[in-house]
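Values quoted throughout were computed directly from the atomic coordinates according to the rules given, and no laboratory measurement underlies them. These numbers were taken from a predicted model, which means no experiment stands behind them. Cβ atoms come from the backbone with ideal geometry, glycine included; neighbour counts cover every protein chain shown.
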Amino acid sequence: MIHRPQVNGLPETAPSRQNLPRFVKNLTLELDFNRTVPTLHTQTAPQLTMDLDAIHGLIAEDMAAVNEMIHERLRSNVSLINQLAFYIVNSGGKRMRPLLVLLCARALGYKGRDHISLSTIIEFIHTATLLHDDVVDASELRRGQETANAVWGNEASVLVGDFLYSRAFEMMVEVGNPRVMEIMAHTTNTIAEGEVMQLLNSRDADTTEEKYLEVIRCKTAKLFEAAARLGAVISRASPAVEQAMAHYGAHIGSAFQLIDDVLDYSASAEQMGKNLGDDLAEGRPTLPLIHAMRVGTPEQAALIRQAIEDGGRDNIEAVLEAIESTDALSYTARAAQREAARATRSLATVPPGPYRDALHALVEFSIKRDY
Ligand code: IPE
Ligand code: IPE
Ligand code: MG
Ligand code: MG
């Protein structure tokens, strides 16, 4: 169902990061998250050797070409597709996965143009998963503005997500490299499996850390892995280097999702551009909750178990207290640091230089980020 009349492809009331929807303000007013936020992010106020802007700066020309291609290839004769797809791609986004493709290709000496198409393809797939994910998670805020499902409804979001998926596959056929198709077919299949596994774990307080890690490897790390691997494949890297890049991508991806799950309990909506507590609202047993149940008092474990089984935000204050007193966010951040260290080690096979430095910096950003 289409909820709002559209003007120039954007909803009349599209909020910006500065003008967050009212429900966000209510949430932050009702709950004093600062009180329960562990020191993790305040202490590590990102002292990055190279911040995300600097990384983008290194590859700015390529990224401009990617953004141009994104806009070109979004087009459809169906106006709702244009409206909704432009709404989400113009809302920002860190472009992490295109960065991986571009930097890996450049670090390995690639001189052609396929890295632009592949970055676009990967960002389309990422965007499709976000459209679907926000429907499944009933999320209302992304990138500091209302989610597409909040503006246009679930049906439109799912269908435009399908459009982006299939447009990505059309573009892959144009690239005409069977290895690329093989990698992307397998990757998208694995992402879908990850999202379904996550659905099965929802409201299941007995979900183990191993099961959780398997979900994040599939739903998130696999696309990072594909991005880095493709950079190596088009550069005609040796099998050993391709494997090292794939490991790099997989581990930075797992680190990235672990921190996403930390931020879901610790960042403000203004920082993240997403509503905090979304995971709890859906009864998602992410690592902070799994750990807090494991080491907390029997009362804390019972409280979290109930919150997972019930879903909703009713008990979020008490859950945050349990998370804090069990140091569950630090535990999760340490798991992210271990993944990050593995990603960094995989870069040993890459020739030294500014692109390799940027790949290192991207690992650092992934674990120190607050958005
Ligand atoms: C969000 O990814 C989904 C996760 C895998 C956590 P990003 O944090 O990369 O989203 P954008 O593209 O920057 O908004
Ligand atoms: C990432 O998980 C989902 C995808 C891989 C699409 P989340 O559900 O945690 O992502 P956010 O927090 O909504 O961005
Ligand atoms: Mg989500
Ligand atoms: Mg999340």
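Worth pointing out:
- Karplus-derived 3J(HN,Hα) values for the range 138-151, using 6.51 cos²θ - 1.76 cosθ + 1.60 with θ = phi - 60°, are 6, 7, 10, 9, 8, 6, x, 9, 4, 5, 4, 5, 5, 8 Hz; glycine and proline are entered as x.
- Bins of 10 Å, starting at 0 and running to the largest distance - Cα pair percent for the chain: 5, 24, 34, 26, 10, 1
- Cα gyration tensor category, rounded, prolate or oblate, for the range 80-235 with a/c compared to 1.5: oblate
- Under the span-like rule (Cα at least 27 Å along the axis, Kyte-Doolittle mean at least 0.0), DSSP H helices of the chain: 114-136, 154-175, 178-201, 239-266
- Taking every lysine pair in the range 50-368 that is 8 or more places apart or spans two chains, those with Cα atoms closer than 17 Å amount to 4.
- Placing unit charges on the Cβ atoms only, positive for Lys and Arg and negative for Asp and Glu, gives the range 50-368 a dipole magnitude near 1380 debye about its Cα centre.
- Cα centroid of the range 151-191 to Cα centroid of the range 299-362, whole Å: 28 Å
- Relative exposure of Lys222, Lys368, judged by other C-beta atoms within 10 Å (fewest first): Lys368, Lys222
- The largest-to-smallest principal axis extents of the Cα set in the range 97-164 are 44, 23, 15 Å.
- About the centre of its Cα atoms, the range 210-301 shows a dipole size close to 420 debye [charges on the beta carbon of Lys, Arg (+1) and Asp, Glu (-1) only; nearest 20 debye].
- Each of Ile234, Ala361, Ala335 was placed along the dipole of the chain (beta-carbon charges, centred on the mean Cα), and the one lying farthest toward the positive end is Ile234.
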